[in-house]
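Take a look at the structure set out below.
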Amino acid sequence: MGLMGKSWAYDSAEDVREVIAKRSFDTLAERARTHTEGAAGLTDSFAFQPGLVDLHDELHDTWHYLVALKARAREMGHGTLAEHLDAAAESTRDTLVHVATAAEVTVPAPEAPLTR
């Protein structure tokens, strides 16, 4: 359906929960293995930077998407949906801050000269 520009909508919250759980479960082992193997190859703090910068960019896009969805939900009068999207956007914003800080601390602090 996605190839034709169409998507599927589910008729019940239970169906939505099931598809989210199935998609999460079906990819759990592969995602865990992929990220664990990737992290195992990091050799110093600088090696974390590219992934953290990319992650920040992806999260930034996600934040904009959530904000746009929230605004549209409000326009359409879906208050509860807008509240949940707002919470998701806030959580994503907080994650953005933590990822940015993590990326910054990959740069080692300069060593202070020893004084007598």
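Computed values, structure above
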item: Top-ranked residue in region 74-112 [being open to solvent by less than 100 Å² (accessible area, probe 1.4 Å) and not in a helix (DSSP H, G or I); ranked as modelled with the lowest pLDDT]; result: A112
item: Some residue of region 9-23 being surrounded by 10 or more Cβ atoms within 10 Å (Cβ to Cβ), closer than 24 Å to L96 by Cα and small (G, A, S); result: no
item: Scope region 87-116; condition without any contact (Cβ under 8 Å) to a residue 24 or more places away in the chain and farther than 30 Å from L66 by Cα; matching residues; result: A109, P110, E111, A112, P113, L114, T115, R116
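The values are calculated or read from the model by the stated rules, or taken from the named source; none is laboratory data. Everything numeric in this text was worked out from a predicted model, so none of it was measured. Note that we place each Cβ from the backbone using ideal geometry, even for glycine, and neighbour counts take in every protein chain shown. All accessible areas refer to the heavy atoms of the entire protein, side chains included, with ligands and DNA or RNA removed. Shrake-Rupley method; radii C 1.70, N 1.55, O 1.52, S 1.80 Å.
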